[in-house]
1. For segment 79-90, which residues satisfy the criterion of being of a type in the set (Phe, Trp, Tyr) and more than 18 Å from the chain's Cα centre (by Cα)?
2. Counting only residues that are among the hydroxyl-bearing types (Ser, Thr, Tyr) and touching a residue at least 12 places away in the same chain (Cβ under 8 Å), which one in segment 134-168 is surrounded by the fewest Cβ atoms within 10 Å (Cβ to Cβ)?
3. Scan segment 63-88 for residues that are more than 18 Å from ARG161 (Cα to Cα) and either surrounded by 23 or more Cβ atoms within 10 Å (Cβ to Cβ) or not polar (S, T, N, Q) (or both) and report the count.
4. Checking GLY93 against (1) among the small types (Gly, Ala, Ser); (2) within 11 Å of the chain's Cα centre (by Cα); (3) within 26 Å of ARG138 (Cα to Cα), which single condition isn't satisfied?
5. When you go through (1) closer than 22 Å to VAL114 by Cα; (2) touching a residue at least 60 places away in the same chain (Cβ under 8 Å) one by one for GLY49, which number turns out not to apply?
6. Looking at segment 43-53, is at least one residue at pLDDT 95 or above, surrounded by fewer than 24 Cβ atoms within 10 Å (Cβ to Cβ) and of a type in the set (Gly, Ala, Ser)?
7. Within the bounds of segment 1-8, is there any residue that is closer than 30 Å to GLU191 by Cα, surrounded by fewer than 24 Cβ atoms within 10 Å (Cβ to Cβ) and either in contact with a strand residue (DSSP E or B) (Cβ under 6 Å, 6 or more places away or on another chain) or not basic (Lys, Arg) (or both)?
8. Can you list residue pairs whose Cβ atoms sit under 6 Å apart, with the first residue in segment 52-79 being of a type in the set (Lys, Arg) and the second being in a helix (DSSP H, G or I)? Count only pairs 6 or more apart in sequence or on different chains.
Amino acid sequence: MIPWLWVVVSYLLGSVPSSYLAGRWVRGIDLREHGSGNLGATNAFRVLGTRVAAPVMVFDMAKGFIPASLFAQWDRSDAWAWALAYGAAAILGHVFSIYMGLKGGKGVATATGVFLALSPVAVGIAIVLWLIVLRAWRMVSLASIVAAAVLVVALIFTESRPEVLTLGILVASFVIYAHRANVRRILKGEEHRFGKPKRVEPTGGKGRSA
């Protein structure tokens, strides 16, 4: 299969709305109508709880890891940069899912899978900080923001390919921007804390805004 077709496959795989499907199958709800209305890990933990959200997060990581790692081996191309293209396409698919009207999550877990394939040392450092912050403050959103910033710093010191660093900066910037509503709730002391699902409440809108 030619590389451009693998890019399309990567986008379609990244678009699979795992949190939406988990909400439907396990709780019988549309996750877009509860919590923040977001289809990412933070809202999945908030509404569905740890037992459901954790496997969703692992699946979303796989959506990024598989294209950046396996597709890059299957395309029979000698250009390593295709792995970068596959990973970027998977992230875009997660954020702008074709199956959900171009709406989705914030790309944290899928991006983690991509960088796990491209730069495992840097993403390993970011994951450690994510776990530390999550354990200390029990807020997935705060842990994701810190990990995004740490990833960029780690890439600066561990990654020799400027293209990978550039993707890291772009992804981290988007992740931090996408969590702006969470930051406001953190500052107000209203952000949901990890440990148990929040009582399911309908949200007024749909999308990636919170």
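The values are calculated or read from the model by the stated rules, or taken from the named source; none is laboratory data. Given the structure is predicted, the values throughout are model-derived calculations rather than measurements. Using ideal geometry, Cβ is built from the backbone for each residue, glycine included, and neighbour counts are taken over all protein chains shown.
1. To start, the set of residues in segment 79-90 that are of a type in the set (Phe, Trp, Tyr) comprises 80, 82, 86.
Listed by number, the residues that qualify are TRP80, TRP82.
2. Only one residue tops the list, namely THR158.
3. Residues that pass the stated criteria total 10.
4. Failed condition: (3).
5. Only one criterion in (1) closer than 22 Å to VAL114 by Cα; (2) touching a residue at least 60 places away in the same chain (Cβ under 8 Å) is unmet by GLY49, namely (1).
6. Taking every residue of segment 43-53 in turn, none turns out to be at pLDDT 95 or above, surrounded by fewer than 24 Cβ atoms within 10 Å (Cβ to Cβ) and of a type in the set (Gly, Ala, Ser).
7. Within segment 1-8, none of the residues are closer than 30 Å to GLU191 by Cα, surrounded by fewer than 24 Cβ atoms within 10 Å (Cβ to Cβ) and either in contact with a strand residue (DSSP E or B) (Cβ under 6 Å, 6 or more places away or on another chain) or not basic (Lys, Arg) (or both).
8. LYS63/LEU13; LYS63/GLY14; LYS63/ALA90; LYS63/THR110
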